[in-house]
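Coordinate-derived values only; no laboratory data. These numbers come from a predicted model, not from an experiment. Cβ: placed from backbone, ideal geometry, glycine included. Neighbour counts: every protein chain shown.
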Amino acid sequence: MYSESNHRMTPDESASLTPSGKNVRTARERVPRLKCIDAGSDYCPCHLAEAGECIVCSVIRGDAECSCDWTGTCILAQNRWLLGHGFRRESRRVEILSREDVGQGTEILHIRTPPKQASQLTRPGSFVFVRGRPEGCYDTPLAVVKAFPGRREIVLAYTRLGPKTKTLAACKNEIWLRGPYWNGILGHQLVESVHGERVILILSGMAQVCGPNIARTLLRNGNKVSIIYGTKGYPFVAPYLQEVPAAYFINLARPSGWREIRSLLQQLRPYCVFSGGNDEQHALLKKNMTDLALEPRIATSKTHKMCCGEGICGACITVADGVQIRTCKTRLAPGEWQSNEGTRP
Ligand code: FES
């Protein structure tokens, strides 16, 4: 898909080896073609374009030639001659409409948002940054469970774990919210382009929050959707997935769990699968699909750490094949540009 992905080090580049002996190319240097989740949106050109570090536009990065993958919007034209920059996402105080303790330290929040923002958050992989105190360092990314533009409302879920989420639990009627962001999953291309096929969603742990937005998109595209809940207790997203008639409850912590999944895969033979869970779940799913001679078309939830969501702070950077990938901005498929060095700047 990305034709420049076979780019290898030139003599000039090898001169820029880091002290560890690894050549780490930044977005400013010659990099393979990457896709940006914000390209062509209201939020493009972004902070990275302003800093000459756009991950899509090679001319903004200082190259003489354009090598972009046309998205319907020329980021260079927008950046230099038309807009200057797109909208900026800013934190705003929003009202908490209701909150529900669903057990094991997890709480569901219903939040008042403008209808436009709610409708932007219906896309698969949508998330927002929220905090319970004015200081920006308390920002934490939360996936959007469901958005109701007509009701001017979105639903978020979090588990009390550290200082950020404990502060969220302590706040009363309002929180600060910044968004929309969309890069909470790997494999947007697969989820958003599949039509009229059988698709299975396997949802476990906190990653079950990805399910409702993905199911909504799949159903709208005429797919037959089945859900496998892989949690021990009752899945708290189930009330937001009532439109999916076929649901199976399998405790993946039990030794027999994967045998049951395998038999369902064999019976349903899905065109593709979404795996919301941990990396071990994604790997086991891929192995089982391959064993059953099913093409392992898999989209997954994301486990990269995020701090700013704008490509600026570097918290989400992974280095793969000598290239720094800002995973909060770059649209990736599972396994594509997987980290092989674990280096951060
Ligand atoms: S989260 Fe800050 S650069 Fe990606």
Checklist entry - Using only helices, what value at 222 nm comes out for the chain when you add -39,500 (n - 2.57) per DSSP H run of length 4 or more and divide by the total residues, to the nearest 500 deg cm²/dmol? => result -5000 deg cm²/dmol
Next on the checklist: Just to check I understand the Karplus step: with θ = phi - 60° and J = 6.51 cos²θ - 1.76 cosθ + 1.60, what whole-Hz values come out for region 174-189, glycine and proline as x?
Outcome noted: 9, 9, 8, 9, 10, x, x, 10, 10, 8, x, 9, 9, x, 3, 3
Checklist outcome for this item: When the charge dipole of the chain is computed with +1 at the Cβ of Lys and Arg and -1 at the Cβ of Asp and Glu, the Cα pointing farthest to the positive end, of GLY311, LEU177, TRP70, is that of LEU177
Checklist entry - Which whole-angstrom value gives the distance between the alpha carbon centres of region 165-194 and region 234-280? => result 23 Å
Item to check | Solvent-free Debye scattering, log10 I(q)/I(0), computed from the Cα coordinates of region 131-177 at q = 0.14 Å⁻¹ | outcome: -0.36
Next on the checklist: Using each residue's phi in region 295-305, evaluate 6.51 cos²θ - 1.76 cosθ + 1.60 at θ = phi - 60° and report the 3J(HN,Hα) Karplus result to the nearest Hz, with x for Gly and Pro.
Outcome noted: 4, x, 7, 10, 10, 9, 6, 10, 10, 5, 6
Checklist entry - If Lys and Arg each add +1 and Asp and Glu each add -1, what is the summed charge of the other residues whose beta carbon sits under 10 Å from the beta carbon of TYR240? => result +1
Checklist outcome for this item: Highest mean packing first, using Cβ neighbours within 10 angstrom, the peptides 84-97, 50-63, 101-114 sort as 50-63, 101-114, 84-97
Next on the checklist: Under the rule of at least 5 residues apart or a separate chain, name every residue whose amide H is placed under 5 Å from the amide H of ALA247.
Outcome noted: ILE227
Checklist entry - Within the chain, what is the number of lysine pairs with alpha carbons under 18 Å apart, leaving out pairs fewer than eight places apart on the same chain? => result 9
Checklist entry - Across 5 Å bins from 0, what is the distribution of all Cα-Cα pair distances for region 92-181, in whole percents? => result 3, 15, 29, 28, 17, 7, 1
Next on the checklist: Charges at C-beta only: +1 for Lys and Arg, -1 for Asp and Glu. How large is the resulting dipole of region 92-181 about its Cα centre, in Debye rounded to 20?
Outcome noted: 240 debye
Checklist entry - By DSSP, what percent of the beta bridges with both residues in the chain are antiparallel, rounded to the nearest 5? => result 65 percent
Checklist outcome for this item: Any residue on another chain or 5+ positions along whose placed amide H is under 5 Å from the amide H of GLU174 is listed here as ILE96
Item to check | Packing-based order for 238-247, 140-149, 185-194, using average beta carbon neighbours within 10 Å, highest first | outcome: 140-149, 185-194, 238-247
Next on the checklist: For VAL102, what residues show an amide H to amide H distance below 5 Å, using hydrogens built from the backbone and excluding near sequence neighbours?
Outcome noted: GLU107, ILE108
